[in-house]
Structure formats: structure tokens, C-alpha cells
1. Per residue, how large is the accessible surface of region A:114-225? Use a 1.4 angstrom probe and give square angstrom.
2. Which ³J(HN,Hα) values in Hz, rounded to whole numbers, follow from the phi angles of region B:257-266 under the Karplus curve 6.51 cos²θ - 1.76 cosθ + 1.60, where θ = phi - 60° and Gly and Pro get x?
3. Compute the signed sum of charges (Lys and Arg +1, Asp and Glu -1) over the other residues within less than 14 Å, Cβ to Cβ, of A:GLU28.
4. Of the accessible area of region B:115-163, with the probe set at 1.4 angstrom, what percent is carbon plus sulfur?
5. Between A:THR296 and residues 5 or more places away or on another chain, which pairs have amide H atoms under 5 Å apart, with H built 1.01 Å from N, and which residues are they?
6. Tally Lys and Arg at +1 and Asp and Glu at -1 over the other residues with C-beta under 11 Å from the C-beta of A:ASP186: what net charge comes out?
7. Work out from phi, with θ = phi - 60° and the Karplus expression 6.51 cos²θ - 1.76 cosθ + 1.60, the ³J(HN,Hα) of each residue of region A:337-349, listed in order in whole Hz, and give x for Gly and Pro.
8. Using a 1.4 Å probe and counting only protein heavy atoms, how much accessible surface gets buried when B and A come together, both sides summed, in Å² to the nearest 100?
Number of protein chains: 2
Amino acid sequence: MIIFSVYIFNPKEEEYEKEFHIPLVNEELVVCYENYEDYRKGPYMTTLPAAPEEPTTTQRQQQSTASQYPVQSNGSEPMIYFVTPTYPRREQIPEIIRLGQTLMHVARLHWIVADDTTSCSATLNSHIKKFGIPYTQLASPMPEVYRLRKNAPRGVANRRAALSWIRTNNKRSGVLYFGDDDNTFDLKLFSEIRTTKKVSMFPVGLIGDYAISTPIVRNGRVEGFFDSWPAKRKWPVDMAGFAVSLEYLARSPNATMPFKAGYEEDEFLKSIGLKLEDIEPKANNCTEILVWHTQTKGSKAPTVRISMDRQKLDKVNLGGLLKRLETMGVNHISDTEGTTAQAIVNGSVKPLSFWFS
Amino acid sequence: MIIFSVYIFNPKEEEYEKEFHIPLVNEELVVCYENYEDYRKGPYMTTLPAAPEEPTTTQRQQQSTASQYPVQSNGSEPMIYFVTPTYPRREQIPEIIRLGQTLMHVARLHWIVADDTTSCSATLNSHIKKFGIPYTQLASPMPEVYRLRKNAPRGVANRRAALSWIRTNNKRSGVLYFGDDDNTFDLKLFSEIRTTKKVSMFPVGLIGDYAISTPIVRNGRVEGFFDSWPAKRKWPVDMAGFAVSLEYLARSPNATMPFKAGYEEDEFLKSIGLKLEDIEPKANNCTEILVWHTQTKGSKAPTVRISMDRQKLDKVNLGGLLKRLETMGVNHISDTEGTTAQAIVNGSVKPLSFWFS
């Protein structure tokens, strides 16, 4: 059973715009799929752990009972709400696979995957649910008015959707963290942020012209920031460089993230009323790097020209394989344009039709 | 205790060159660090699993006895020798962290990390050993004669070093797989390749103008290949698209990989005497994608200009943090050039010396 629910929320736009000088518009949010049970099993040997046939959308028990893995959780640690904004592109599924395999190591984590789309991607879901991690998949598109901008505020509509989900579901304990699908997360990060009381901060590697963005810490306290793009920001930090306790977040029920590229972190942290003395430095007083802003090379999905009857391809593996690639957005098939599909047989190039003649 | 041993090997060059039309030169190989015990523990909660203080180089028992994790191994499955060529660059450590966290899920795996360097990187080692995975770290540089070429054969010297290590250590059972540090590996891949009898093959996503490279499979048998760059190759496959049993490899004691960019896979598979009928298609008869040629955006390590006495930075976290970044090759510090290091305090940009005045 899959439940679709739609929230439309409309904060007092004028007030917010006055304060933050940024326009806000209504947005859409669809809760696509959810699973609150921890189905993770031990490491893969000869078979994959069986994914549940249907996501248990209606079973909303927060405590995991079915968990066989991870084994070291006592079931009472603060939950980490790990928010990953994503969007359709040819690298989307590989990124989700790689990140999910990292998150599989982390006990007591609820993964909120928020897709920048108007409708729910069943392909994305089929991959997420295989990990056995408790998760919520949202669809929340960037409003058209921003999409046309040169400096479009990517990942904002989906992070706002996650904030909305947290409030709608009255999550008031645990920790919120924004983790992009192409970042690298050292597992130690999770044990560090899990105990965040208000807001914790830590260095992020491979950011900007210093190759690092970090708080400056003296005597165990954050006193300033080291970031090569100050941009008059009060909180010049990267999205992956802080975690927020949900108890603390709940004190600012109107806190949100603006559609303003480059200022998402700053304005969000302003909106929760952060004070310098509230910040807990992590990662050995900000001397270790536990999160990296790695970026995956993107490229346009190629078009492959197949001018023969595609059904014939089902006689070999190419039929099923190409359908799978298309559902993931990895390539397109056309009968009139693109790179001509050919086969190689014993070192010689042959037309695909060779197989069926 | 760390044991350094040096092999110099010199196959009959003339014979090989005649057969493969490629020059070969002597190469260096240093075994830097090794650990044959499986120290993996359960998932990370509040502390990292303790890494052994010293790599147990001298303890060469092949059977893991100390393993608490993964729990599902019965200790008798074929070992996977997972060979990762790597080279110094600013993304090297993050990539190793991300890949290592994937490999942590896989029982009975020996990770051969072969670095394209003349000397052993202690920084690289400090990260590898933390995973608790049995591993061997090699250093084997690309010979100078190739390094100057426009189309340098990257990753060859190190893969050859791994082959040499396998032979020197008389590994004749288990499975060999070449897995780059920036690829994405679905955990299911490991259970698929583990049972390879001779050579197994499977699709690799995000390769070339078809966005896929795969065998063509009919009636459960490989009959040809689908790859957008035929290049007159008999075996037009990607390095990540096949696995070889060590028993089978041992039948070709002179098999190797050429220093010939683009033809490494083809010539290696020729050198082991592969026949079409020996190939086992995996991944549901090559209709699933379990490995992806994701690529991480590379960029030059930036130079940060710090004109003050650097020792002063030890009074805050920046001293330790910047030293760590430098050892990883993530950035460089100069007192005369680069982007001037500045701090941000309460929204205002200040010189770093502000902290020490």
C-alpha cells in the first residue's frame, strides 16, 4: 500500500520576504513511500537480503523491532534524520546506491530522500527500499519561477519538504543533517553528530579556494569561520558542515531555507536563531575531516540509435538491459538519431540485426 | 613492524613485445603494509572500532580468526582479491574512505590498494587500516617513459604490481577483480563474482556513448559485446566488467597487462588465453547493472597564502587541520602566493592574525 498525501503550505510570505529579502512561493510536496522498520541484515554473501514486498507505509512504529543489523544499537540512541536532496539525472541511481551502502552501516537513522520532481519515481524507490534502512521518499519540485534562473537554488524545495515532513510528523527528538548524494561521509561523522544538543559544526573538505570550510575553534569554543567565500554571511558554512537537534529546531516553528543560491545555510541558521555560543564543535575540535564535498562528473544521457524492431532485442539480454537503463535516465533510445548501436563479434563490428537474421 | 620488500621483475621483453606490439620496461614494486586479519566490527555507534596499533604484517594466517563482522561468513567462501589502483591527488583519501566503507560490507575480501608512487604513503595507510578489512598496500609507480605520453597508461603499473603480488604470494584460489576507487559497486556484485570459475562478465553502466558496456547474452551464453568503442578489440569490455578466478589465472603464469591505454583489458584477457565459451555471464544474464563507472570531478589542489608564523595557528584548530589537509594533498600553504587566508568573525572578514593580536 502506498499512501500519497499532499501538503500545500503558505507561510506569511510578506513577513518572510521583508526579513530575508527573498521571494517565497507555494510549493508542492508528495510523500511517496515510507518505511519505518529496519530491515537491514548482515553483509551480503550469496544472496541479497530480501526487501519487503511492499513498503510498510502504514506501519508507523518508530522503534525498530525487526532489525537484525546493525547489531550494536541499543535502540534508544537519538535518531539521525539524514536528508538527501536529489534530482533526476543519469548519475542519480548510482549515487543513491553508493550513499545507501554507507548509510547501511549507521544504526538508528531515518533517511529522507527528497526528489526534485513533481511525481514519485518508482525506480528511485525500488533502489532505496533494498537497503532495508528506515526511510521516507518525498517528491517536491523546485517552483518554476526559480527553475528559469541562471543561479537556480538547487536542492532547496526538497530540503524545505524534509523540514515540512519533520514538522507534520511532529518529530521533536533526534538530529537533522543535510547530506548530499555525492558527498563522502566518514562513518565516524554519524557518531559525532548523534549527540548534538543544539547545533554542532565540523570541517567540510574540498570546499572552495581553501579546500576546506570550517569553524575556527579556540579552547573548545567556536569563535569564527574559515571559508574562502565570506559573501557577508553571518554563518559561512557548507550545508554538510552542521547538524541540528530536532528539539532545538522545534523552538523555531517557522524556520526555513530560502530560495537564494549560496545563502541557504546562512539564512536557515539565522532562521533558527542560532547564537555563536550554542555551537558545539565536533571532529576533535574541528581538526579532523569527516565529510568531503566530492562531486561526481555529470554528463548528458546519450542517445543510442536502434532502427530495428526493439522487441527483437528481448531475444538477447539487450532488451531488458536497455529498458532498465532508460527507466534510470541513463540513456535514450531513438530510431532516427544518436550513436548507432552495433555489436562486436569476435573482434568484428556487426549491425545489431546480425543477431536476428 | 613494517616490512619493506622489493621485487624487480623482468619478463622476456622481446617475446612479449613481439606478441603484443607493446614495449615493456622493468618496474618497481614495494609492499608497503599488510594486514591478513579481519578486524571489522559492527556498525559505528559512538566510537570507531579500534584499529590495530600496528599492521600485522608478519601474521600471515590466511583464515580470519578475529572477525566479529561480517557475521554471515562461514569462513570458507572463495576470497575476493579486490585490486584498486590509485594515485596521489586531492580526492584520493575521500575516495578511499567511500570505497572502503562499501567493502566493509563484504566478507572474505582482501583489498589490494596499489598506489602509483615510488614510496609508501603513510597517510593512505592510516585510512586503509581503519576499516579493519584484510589488505595489502603496494607502491608501484608508472615508469617515466610512459608518464610523459599524452595518453599515459594510468593504473597499469599498479595493476601489474597486484598481479605480481598474487603470484609471489602463491594465491591460487579465490577471485581477482579490478575495482577503481571512483566506481560505484552494488553489494550484490560481490556475491555474483565470488563463484567465478574461469572468467565472469557483466554490464558496466555509464561507459561511453551507449552509457553501457556489456556482453551480449543469448540463451545464457555470451555471444558478443555491446560497447561504443570497438577499437578492433577482441574483448571490448571495461576493467570493472569482469572477474577472473585465480585458479584459472595461474594457468597463464606470464599473463599481464600492457602499458597501452585503452587496450589493457583486451590484452590482459588475451594473455590469459580466454575463449568465448569460458565466459560466465552474471547479473541476471547481464540484464542488471551492478557496477557503475562514476567519475569524481578532479581539480588542482589550491594554494592558500598564510604570511604569518604558522606555529601560531596551533593555538586554534587551524594548525592541526591545515597540516592534515597538506598530508592528504588537498591543499598547499605558501607565504607568498595563493588565496589569502582570512577569517570571518560575526559576518566580518578579518586577517588571520586577528586571532593572535
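The values are calculated or read from the model by the stated rules, or taken from the named source; none is laboratory data. Since the model is a prediction, treat every value here as computed from it, not as a measurement. Cβ sites come from the backbone with ideal geometry, for glycine too, and all protein chains shown count toward neighbours. Keep in mind that these areas ignore ligands, DNA and RNA; they rest on the heavy atoms of the full protein, side chains included. Shrake-Rupley method; radii C 1.70, N 1.55, O 1.52, S 1.80 Å.
1. Result: 31 Å² per residue.
2. Values, residue by residue: 10, x, 7, 9, 4, x, 10, 4, 5, 4 Hz.
3. Neighbour charge sum, excluding A:GLU28 itself: -2.
4. Reported share for carbon and sulfur atoms: 52 percent.
5. B:LYS297
6. Counting the neighbours of A:ASP186, the net charge comes to +1.
7. Taking θ as phi minus 60°, the curve returns 9, x, 7, 5, 6, 9, 10, 10, 10, 6, x, 10, 7 Hz for region A:337-349.
8. When B and A are taken together, about 8000 Å² of accessible area is lost.
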